[in-house]
Each structure stands twice: as C-alpha cells, then as structure tokens.
Amino acid sequence: MMTAIVQFKLLEPFSREQAQDVFSSTASKYQNIQGLIRKYYLLSEDGETAGGVYLWESRADAEKLYTEEWKRFIRDKYGSDPLVTYFETPVVVDSLW
C-alpha cells in the first residue's frame, strides 16, 4: 500500500465549519476511484493549510489521480498548487470501535 499526503496553502484561513462545507462539496468526486482505499481531509490548526491523506493500493493508482487537471482543480478552488508526498505503508492499524 501507499499513502499520499497532499498539502496546499489557502488564500484565506478556513474555520472548521468552512472546511467541512467546502470539503463536503468535493467528497463525492473521490468515491469509486480505482485503488483509493480511504481519504481523510486535513485542515491545519491555524486554518491556513489544507489537504488530504490518501491510502492507496499502489503508487500507480495514486498517480492516475494526481494529474495536471487535478492540480489545476486544486489551484483554481483553493488558490495554490498542491504538494504531494508519497510514503510506503507497510502496516495499517485500525482502531475503530
């Protein structure tokens, strides 16, 4: 498995409520993407940086999403270019109750 962490600066800080509203409007875009296991939306404590943590079956699957078109979508919607960092994910612990 592969984890991708995406980060981008916001033009203006978001509150938690603003982030929930905006991120909810894009959530369906990420459903049923081949190889995507799970996505978490992120917002920094100061509200100035946002992004996501994506758990993928493979890096090849991830790279199919992070195209120039996707980067343009992020830039147009949030005002800055996304930074994508990849990590091997050899173990996952899930402690949901």
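Observations on the structure shown:
- Using the Cβ-Cβ distance between V53 and S25 with R0 = 22 Å, the FRET efficiency computed as 1/(1 + (r/R0)^6) comes to roughly 0.70.
- Rounded to whole numbers, the Karplus 3J(HN,Hα) couplings from phi for the range 31-40 are 7, 6, 8, 4, x, 7, 8, 7, 9, 10 Hz, using 6.51 cos²θ - 1.76 cosθ + 1.60 with θ = phi - 60°, and x at Gly and Pro.
- Along the range 88-96 the Karplus relation, 6.51 cos²θ - 1.76 cosθ + 1.60 evaluated at θ = phi - 60°, assigns HN-Hα couplings of 5, 10, x, 9, 10, 10, 10, 10, 5 Hz to successive residues, with x for each Gly and Pro.
- Estimated inter-spin distance, I33 and E63, nm [label 7 Å along Cα→Cβ]: 1.6
- Relative to the Cα centre, the charge distribution of the range 10-64, modelled as +1 at Lys and Arg Cβ and -1 at Asp and Glu Cβ, gives a dipole magnitude of about 360 debye.
- Helix 16-27 and the longest principal axis of the C-alpha atoms of the chain enclose an angle of approximately 50°.
- Sequence ranges 88-94, 22-28, ranked by mean other-Cβ count within 10 angstrom, highest first: 22-28, 88-94
- Spacing of the two label points (7 Å from each Cα toward its C-beta) at K71 and S44, in nm: 2.1
- Extending 7 Å from the Cα toward the beta-carbon at both L83 and K9 defines two label points whose distance is 1.0 nm.
- For the range 2-88, the relative contact order works out to 48 percent when only alpha carbon pairs closer than 8 Å and six or more residues apart are counted.
- Folded to 0 to 90 degrees: helix 68-78 orientation relative to the chain principal axis, Cα: 40
Read-outs throughout are calculated quantities, based only on the coordinates presented, and are distinct from any laboratory measurement. Since we're looking at a predicted model, the values are computed, not measured. Note that we place each Cβ from the backbone using ideal geometry, even for glycine, and neighbour counts take in every protein chain shown.
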